[in-house]
Amino acid sequence: MTAATATRRPGTPDDAVNGVVPGEVVRPTSVEEVAELLKAATADRRTVVPAGGRSKLTWAAPPSSCDLLLDTTGLDRVVEHVAGDLTVVAEAGVRLADLQARVGDAGQVLALDPPEEGATLGGVVSANASGPRRLRYGTVRDLLIGITVVLADGTVAHAGGKVVKNVAGYDLGKLYTGAHGTLGVVVSTTWRLHPVPPARRVVVLELPDASAAGPLAIALNRSTLTPSAVELVAEAGGAGRLVVVFESIAESVSAQARQAVELMGGGAELDEVPADLGRRPGGPDDVLLRLAYVPTGLTDVLAALPAGTHLAASAGTGVAYAAVPAADAAGALPAVRAALAPHDGSAVLLHAPEAVRDQLDHWGPVGDALDLMRRVKERFDPERLMSPGRFVGGL
Amino acid sequence: MTALAETPVSSRTADLAAGLRAAVGAERVLTDRVQTRTYECDGLANFKVTPAIVVLAESRQHVVDCVRLCSEAGVPFVARGSGTGLSGGALPSADGVLLVLSRLRRLGPVDADNAQVTVEPGVINLWVTRDAAPHDLLYAPDPSSQLVCSIGGNVAENAGGAHCLKYGFTVNHVLGAEVVLPDGEVVHLGGRAPEHPGYDLLGAFIGSEGTLGVATELTLRLIRVPEEVQTMLVGYHSVEDAAGTVSDIIAAGIVPAAVEMMDALAIEAAEAAVSCGYPEGATAVLVIELDGPKAEVEAQFAQVEEIAGTRNAFEVRIAADADERALMWKGRKSAFAAVGRISPSYYVQDGVIPRTKLPEVLAEMKRMADAKGLRVANVFHAGDGNLHPLVLFDDAVEGQAHEAEELAGDILEQCITSGGSITGEHGVGQEKRMKMAKQFTPEDLDTMQLVRCAFDPDGVANPGKVFPTPRLCGERPGVRTGEHPVQAAGLGEVF
Ligand SMILES: Cc1cc2nc3c(=O)[nH]c(=O)nc-3n(C[C@H](O)[C@H](O)[C@H](O)COP(=O)(O)OP(=O)(O)OC[C@H]3O[C@@H](n4cnc5c(N)ncnc54)[C@H](O)[C@@H]3O)c2cc1C
């Protein structure tokens, strides 16, 4: 491999990280180059924000400084797919969609379905992005079995491995999941895959009052049915649609769909999964929140959201995305957080129009482990050069 | 550390013992060697160290008091659950405190609608499923030691079990933990909800083998009892055919709840111990279990049966009811202990290989064993490539114990070479820490140490375990200990 093929150019407003324009954009194409770049940046005390497909850069707070945007899309190799082991190793800049196409040829899938277009594996890990099928397969932390990262000082470190079962050493993959580039750069990832189920069947139930969805989702959870997803699309204070997806062998999905209709007291059956399943609600003018709470909290969540809010909830799991009209967001956010508190809930900002962004507390309360998180950050990035200010507590 | 050496160990621990008695009550502090010797080892009996002090904690406050006093005195402490660990993780320090958590055994009420329950760390694994059962729920991680091992120990080891293949390990079933950090501070990692803002420190804590702090409460995820469970026992005349069956099942897109394999020697042992009635003359058996919705299990079970046939299975037995299923599992779950029936001593190994390498690694293992004139019984979680070779030896034969240990080590290196791991579920502990340097680079290990230093800068929590060389958490150049300017300016917390 030839060295130093990284391309560099000045940052432009199009490169802005949640409103902050980087001084320079650099696109390395190998792990060694990433290590060199970070080492040099540390020597010069330059701040670095890693970016992949840039589909979720607004999910973390604006950086307090961004000298260098480290574009990881040049790390684009699928290193190894062993179909017999249901594992794949791929660099961080590989697009999730491209990886799915590749392993899909072998009838396999990485069971993560966040809807953001153009997302890369490194971005999915760093933002801990998930979609409807988390109900069945879990999230990044359940599927990532190995990781390679580069620390601010250029150290290249691996953890985990290529086998699904492995308890040797600390699981650094967990630490980097959802860390938004504040502990270093994720450069390679190893995943557990699943077989693509051969058949699917979907039950769609229209609810005149969306708040009926909570008890239905719990009833589904408590049944022996094994849906891949139970998604509610709703408007606060209004109607909703519950979409229940079954994916398995043909005999099973038709039997389960029938049972689901019976259990819910209605619903129309479809043969295909709707294309918009799991789509995040709202648009660029709304404030998008990710809410997490114990599953029984859904009814209270719906009640706490201001009128006009559009919601897409993974109803069985206790995660929902809410698009709040921007004008109402600053007033509503504290109330939403208060309503979520009894459900061990949290509300995190994923997107806000520039005009209101500064009025909103991005992460909300973090709990009593914040000091410990700060100590972790200090050990991994003592100079505070990696994505400074983007994380909880200003980390 | 040097400062500690100035005070003689005995007087230092004597002072500490006095402090502990005052804090947690004299009846919970043991220093009499006859009593403390009870705790000299865990399930790996070839390492033995009698601890200076044993504390039998009964509440979180006892844990906090004990840990804080240890930290102030600079005395190491080792947490202990049920002591069934197989890597020496709960091996005490001679000049330290063994903190026993088995009296912290309260279970909270099952929250059936949210499928979760909060328990104390000394609670026995099986009790969780027992409490969940009336709600048609169960706790999925099922180590073979589940009758006796503790949830705290499971969390510390990220314990697995026969049903990991489909349901994952302990880390996939713990939602939250209350942890007493090595300086006595209490933090809550994760919680009851599925996500929380901030680093996933819960994920880092699980599997940290007691080196990052002491769990005093755990919130566990429960799963719905499946509608249907079917189990079969399949006999083969060759290990290759058994391994081939596993590959074919996976290739067919079936994810069984469990696929366990035993070889001839392991079968012989189980038969001698529990008369499980496995197919006579089998060179290998598989225990295959499918669970889920009835229609799915029935169709896939028939498919698995067919696959076994094409792989020359000479006997396929299907459990007709729960009793028959239990008998099939009895042979498998008693296999470790059963080996004692056919060999005076044995060494339990735990390694992982990519599933597709199974036949070649097994052949290589046999070659290595033959070269040493030793026998290896194999019991393993075949579905996820987690091997448990049992190296048989006789202490009475001069040098054989050493040979066995060497063979067990060689097998691990074979696992690493094949792209696997030195441990799939028993942990690194005391036993395998030197092997960590073979699986990981110095940079990898140093990076893991950063986590350690953030949680336990003084290195008092289970020191000397997991990592090959103990390291001090010296201030690295540039580490800020005070407030960062951004924070000081009041800007830090607003984001
Ligand atoms: C016959 C037999 C079969 C087994 N089968 C399996 C199996 O199938 N799968 C498997 O994974 N394991 C198995 N094991 C190993 C063992 O049972 C597990 O590792 C178990 O999780 C240990 O639990 P324990 O309560 O005995 O922990 P201990 O042995 O007491 O401790 C284990 C480690 O956990 C730490 N620890 C304990 N409690 C806490 C706490 N509250 N906070 C922080 N750290 C703590 C200790 O310091 C130590 O490092 C088996 C063991 C035996 C003897």
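The values are calculated or read from the model by the stated rules, or taken from the named source; none is laboratory data. Quick caveat: nothing in here was measured; it's all calculated off a predicted structure. Quick reminder, even Gly has a Cβ in these numbers, built from the backbone with ideal geometry, and neighbours come from all protein chains shown. Side chains included, ligands, DNA and RNA excluded: accessible areas come from the protein's heavy atoms. Shrake-Rupley method; radii C 1.70, N 1.55, O 1.52, S 1.80 Å.
Quick look at the values:
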| quantity | calculated |
| --- | --- |
| Qualifying residue in region B:105-127 (condition: closer than 30 Å to residue A:183 by Cα and within 8 Å of another protein chain (Cβ to nearest Cβ)) | no |
| Set A:393, A:297, A:316: member being buried (at least 23 other Cβ atoms within 10 Å of the Cβ), within 12 Å of chain B (Cβ to nearest Cβ) and assigned to a helix (DSSP H, G or I) | A:297 |
| Among (1) more than 14 Å from chain B (Cβ to nearest Cβ); (2) among the basic types (Lys, Arg); (3) part of a strand (DSSP E or B) - the single one residue A:290 does not satisfy | (1) |
| Residue in region B:83-96 that is among the acidic types (Asp, Glu) and touching a strand residue (DSSP E or B) at 6+ places or on another chain (Cβ under 9 Å) present | no |
| Qualifying residue in region B:85-97 (condition: without any contact (Cβ under 8 Å) to a residue 40 or more places away in the chain, more than 8 Å from the ligand (Cβ to nearest atom) and more than 14 Å from chain A (Cβ to nearest Cβ)) | no |
| Qualifying helices (runs of 4 or more DSSP H) (wholly inside region A:110-214; at least 3 residues being within 30 Å of residue B:86 (Cα to Cα)) | A:140-143, A:172-176 |
| Any hit, region B:30-49, residues being more than 13 Å from the ligand (Cβ to nearest atom), farther than 30 Å from residue B:401 by Cβ, touching a residue at least 24 places away in the same chain (Cβ under 8 Å) and not in a helix (DSSP H, G or I) | yes |
| Given (1) in contact (Cβ under 8 Å) with a residue 60 or more places away in the chain; (2) in a loop (DSSP other than H, G, I, E, B), index of the condition residue B:67 fails | (2) |
| Region B:432-472: number of residues that are of a type outside the set (Val, Ile, Thr), in a loop (DSSP other than H, G, I, E, B) and either within 12 Å of chain A (Cβ to nearest Cβ) or farther than 19 Å from residue B:79 by Cβ (or both) | 9 |
| Qualifying residue in region B:139-152 (condition: open to solvent by 10 Å² or more (accessible area, probe 1.4 Å), more than 26 Å from residue B:355 (Cβ to Cβ) and within 14 Å of chain A (Cβ to nearest Cβ)) | no |
| Selection count where residues are assigned to a loop (DSSP other than H, G, I, E, B), within 10 Å of chain A (Cβ to nearest Cβ) and open to solvent by 20 Å² or more (accessible area, probe 1.4 Å), scope region B:159-188 | 2 |
| Residues of region B:256-295 classified as in contact with a strand residue (DSSP E or B) (Cβ under 9 Å, 6 or more places away or on another chain) and part of a helix (DSSP H, G or I), total | 9 |
| Search result, residues across region B:338-377 that are under 19 Å from residue B:46 (Cβ atoms) and either assigned to a helix (DSSP H, G or I) or in contact with an Asp or Glu (Cβ under 8 Å, 6 or more places away or on another chain) (or both) | B:339, B:340, B:343, B:344, B:345, B:347, B:350, B:372, B:374, B:377 |
| Residues satisfying the stated conditions in region B:200-227, i.e. open to solvent by 10 Å² or more (accessible area, probe 1.4 Å), away from the ligand (no atom under 13 Å from the Cβ) and assigned to a loop (DSSP other than H, G, I, E, B) | B:200, B:225, B:226, B:227 |
| Scope region A:221-236; condition at the interface with chain B (Cβ under 10 Å from one of its Cβ atoms) and either among the hydrophobic types (A, V, I, L, M, F, W, C) or not in a helix (DSSP H, G or I) (or both); matching residues | A:223, A:224, A:225, A:226 |
| Every residue from region A:1-50 that is assigned to a loop (DSSP other than H, G, I, E, B), buried (at least 18 other Cβ atoms within 10 Å of the Cβ) and among the polar types (S, T, N, Q) | A:18, A:29, A:30, A:47 |
| Meets criteria (more than 9 Å from chain B (Cβ to nearest Cβ), crowded, with 24+ Cβ neighbours inside 10 Å, polar (S, T, N, Q) and in contact (Cβ under 8 Å) with a residue 24 or more places away in the chain) for residue A:182 | no |
| Residues (facing another protein chain (nearest Cβ under 7 Å) and within 22 Å of the chain's Cα centre (by Cα)) located in region A:162-175 | A:164, A:171, A:172, A:174, A:175 |
| Where residue A:111 falls short, out of the listed (1) out of contact with any helix residue (DSSP H, G or I) (no Cβ under 7 Å at 6 or more places or on another chain); (2) of a type in the set (A, V, I, L, M); (3) in contact (Cβ under 8 Å) with a residue 60 or more places away in the chain | (1) |
| Matching option when the condition is under 25 Å from residue B:300 (Cα atoms) and touching a Phe, Trp or Tyr at 6+ places or on another chain (Cβ under 9 Å), among A:192, A:222, A:200 | A:200 |
| Pairs with Cβ under 6 Å, 6+ apart, first in region B:115-144 and within 18 Å of residue B:158 (Cβ to Cβ), second of a type in the set (Lys, Arg) and modelled with pLDDT under 95 | B:144/B:333 |
| Matching residues in region B:375-391 - criterion: being among the aliphatic types (A, V, I, L, M) and open to solvent by less than 10 Å² (accessible area, probe 1.4 Å) | B:377, B:379, B:382, B:387, B:390, B:391 |
| Filter result for residue A:228 (closer than 17 Å to residue A:274 by Cβ, of a type in the set (Gly, Ala, Ser), crowded, with 21+ Cβ neighbours inside 10 Å and modelled with pLDDT of 95 or more) | yes |
| Of the criteria (1) surrounded by fewer than 23 Cβ atoms within 10 Å (Cβ to Cβ); (2) facing chain B (nearest Cβ under 8 Å); (3) outside any strand (DSSP E or B), which one residue A:259 fails | (2) |
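This table checks each residue for (1) assigned by TED's automatic domain parsing to the domain that holds residue B:216; (2) open to solvent by 50 Å² or more (accessible area, probe 1.4 Å); (3) touching a helix residue (DSSP H, G or I) at 6+ places or on another chain (Cβ under 9 Å).
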position: B:41; (1), (2), (3): no, no, no
position: B:47; (1), (2), (3): no, yes, no
position: B:59; (1), (2), (3): no, no, yes
position: B:62; (1), (2), (3): no, no, yes
position: B:80; (1), (2), (3): no, no, yes
